[in-house]
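Report on one structure; see the data block that follows.
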Amino acid sequence: MNEIAPTPLKPKDFASDQEVRWCPGCGDYAILKAIQKTLADIGAEPENTVFISGIGCSSRLPYYMATYGFHTIHGRAPAIATGTKLANPELDVWVITGDGDGFSIGGNHMLHVLRRDVDMQILVFNNEVYGLTKGQASPTSRVGMRSPSTPLGSLDGPVNPCVFALAAGARFVARSADTLQKQLSPLLAEAQAHKGASFVEILQNCIIYNDGVFNEVTDKKTAPEHTLILEHGAPMVFGAEREKGLRVKPGGFGVEVVTLGDGIAESDLLVHDETNLDLANHLARLTGPDFPTVLGVLYRVPGESYEARVHEQLDAARTEVEADPHADIDALLHDGPVWRID
Ligand SMILES: Cc1ncc(C[n+]2csc(CCOP(=O)(O)OP(=O)(O)O)c2C)c(N)n1
Ligand code: SF4
């Protein structure tokens, strides 16, 4: 019998029939497009793919995917995603969250899913504002940001999502932006290939409540001067003419921006090592105007993910119980201090 090879799915095959309800011009559209392209590129199976979100504009994304999905409660997507992955480790689990959902009400859940290292992709759509609830300051908003909740300017120090993820123990931490389609989609594929919690911060423009906050990074004219795209094993070069770089401060701690030429060669620059946690921490913190914003994979080290360890432990416990002729669940339940209520 002739076998008919399945037709490879295209990005549009991952789009649901639901009307997309984001504001015209919202950066979420571009991220949705990049995700659908990534799934097509990696040959994802819709029936084995699940998108899980909390609450926010960004968290509406699962409706727009022709895959399984849960639109859950505010900040709790990591818990639902952990349960989903533990129940069925064959599923490919994607968490979609915003900076408010992920780092305010969901900060605690974010911390634990990262330290547990459950195999899933966590995509944080960071627009530095609460979009859905009409523009209040979020945990990633900059000091001085004026909003309905901070009319005189925010006084709170912002959370840096990548620094948070590194501190929590994530083994895959990356950063991209909504408009950087060429970079974003392959980066999502790398996150998906990583076994463990893959954390991707995506700088996203909220055209209504925080328009242009990442312009320096995303505008084609300014981006070369204000971004540095990391590549493992490559020197850290940036600039419109690739004339600038980062090097270790001579005789000091940290890095500085240098211009190539005048006695400074590419061989003097820092070379990216994505397995170096100290370097990743340092790079994650760099911001303008003095430094470029660093994009790409900041940190990646292989390892065994949580659900693999959980199932190993369960299998070992089952084997032990099955081998014990005296194993008795009733006896176990009545063991130790028990009392009766008459
Ligand atoms: C328990 C609870 N508290 C507060 C809210 C109100 N609320 C809904 S979305 C949101 C913040 C969303 O911000 P973010 O995650 O940054 O998403 P965006 O809309 O910007 O994509 C808040 C506070 C809620 N829905 N539930
Ligand atoms: S309010 Fe902002 S984040 Fe929400 S859909 Fe509109 S542009 Fe997008």
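The values are calculated or read from the model by the stated rules, or taken from the named source; none is laboratory data. Bear in mind that the values here come from a model prediction, so they are computed numbers and not experimental data. Cβ sites come from the backbone with ideal geometry, for glycine too, and all protein chains shown count toward neighbours. Note: accessible area is taken over every heavy atom of the protein model, side chains too, but ligands, DNA and RNA are not part of it. Shrake-Rupley method; radii C 1.70, N 1.55, O 1.52, S 1.80 Å.
Run A174 past the list (1) in contact with a Pro (Cβ under 8 Å, 6 or more places away or on another chain); (2) part of a strand (DSSP E or B) and report the number of the one that doesn't hold.
Only one criterion in (1) in contact with a Pro (Cβ under 8 Å, 6 or more places away or on another chain); (2) part of a strand (DSSP E or B) is unmet by A174, namely (1).
Within the stretch 240-291, which residues are out of contact with any Lys or Arg (no Cβ under 8 Å at 6 or more places or on another chain), open to solvent by 60 Å² or more (accessible area, probe 1.4 Å), more than 27 Å from A165 (Cα to Cα) and not aliphatic (A, V, I, L, M)?
Matches in the stretch 240-291: E241, R242, P250, G251, D262, G263, E266, S267.
Output the qualifying pairs, or none if there are none: Cβ atoms under 8 angstrom, residues six or more apart or on different chains, first residue in the stretch 320-334 and open to solvent by less than 80 Å² (accessible area, probe 1.4 Å), second residue not acidic (D, E).
Pairs that qualify, where the first residue is open to solvent by less than 80 Å² (accessible area, probe 1.4 Å) and the partner is not acidic (D, E), are A327/V321.
Report, by residue number, each residue of the stretch 128-160 that is within 21 Å of the chain's Cα centre (by Cα) and within 16 Å of ligand 2 (Cβ to nearest atom).
Within the stretch 128-160, E128, V129, Y130, G131, L132, A137, S138, P139, T140, S141 qualify.
Inspect all residues belonging to the stretch 187-201 and state whether any of them is outside any helix (DSSP H, G or I), without any contact (Cβ under 8 Å) to a residue 60 or more places away in the chain and surrounded by 21 or more Cβ atoms within 10 Å (Cβ to Cβ).
Within the stretch 187-201 (the criterion being outside any helix (DSSP H, G or I), without any contact (Cβ under 8 Å) to a residue 60 or more places away in the chain and surrounded by 21 or more Cβ atoms within 10 Å (Cβ to Cβ)), the answer is no, since none of the residues qualifies.
Assess whether E47 counts as being assigned by the TED database to the domain that holds S176, more than 15 Å from ligand 2 (Cβ to nearest atom), surrounded by fewer than 14 Cβ atoms within 10 Å (Cβ to Cβ) and among the acidic types (D, E).
The answer is yes for E47.
Which ones in the stretch 107-124 are within 16 Å of ligand 2 (Cβ to nearest atom) and either open to solvent by 20 Å² or more (accessible area, probe 1.4 Å) or over 20 Å from D156 (Cβ atoms) (or both)?
Within the stretch 107-124, just L123 meets the criteria.
Within the stretch 131-189, count every residue that is touching a Gly at 6+ places or on another chain (Cβ under 9 Å) and either at positive phi or not assigned by the TED database to the domain that holds Q36 (or both).
2
Does the stretch 184-191 contain any residue that is within 16 Å of ligand 2 (Cβ to nearest atom) and more than 25 Å from E256 (Cβ to Cβ)?
no
Being touching a strand residue (DSSP E or B) at 6+ places or on another chain (Cβ under 7 Å), more than 14 Å from ligand 1 (Cβ to nearest atom) and open to solvent by less than 10 Å² (accessible area, probe 1.4 Å) is the filter here, so list the residues in the stretch 24-40 that pass it.
If the condition is that a residue be touching a strand residue (DSSP E or B) at 6+ places or on another chain (Cβ under 7 Å), more than 14 Å from ligand 1 (Cβ to nearest atom) and open to solvent by less than 10 Å² (accessible area, probe 1.4 Å), then L39 is the only one that fits.
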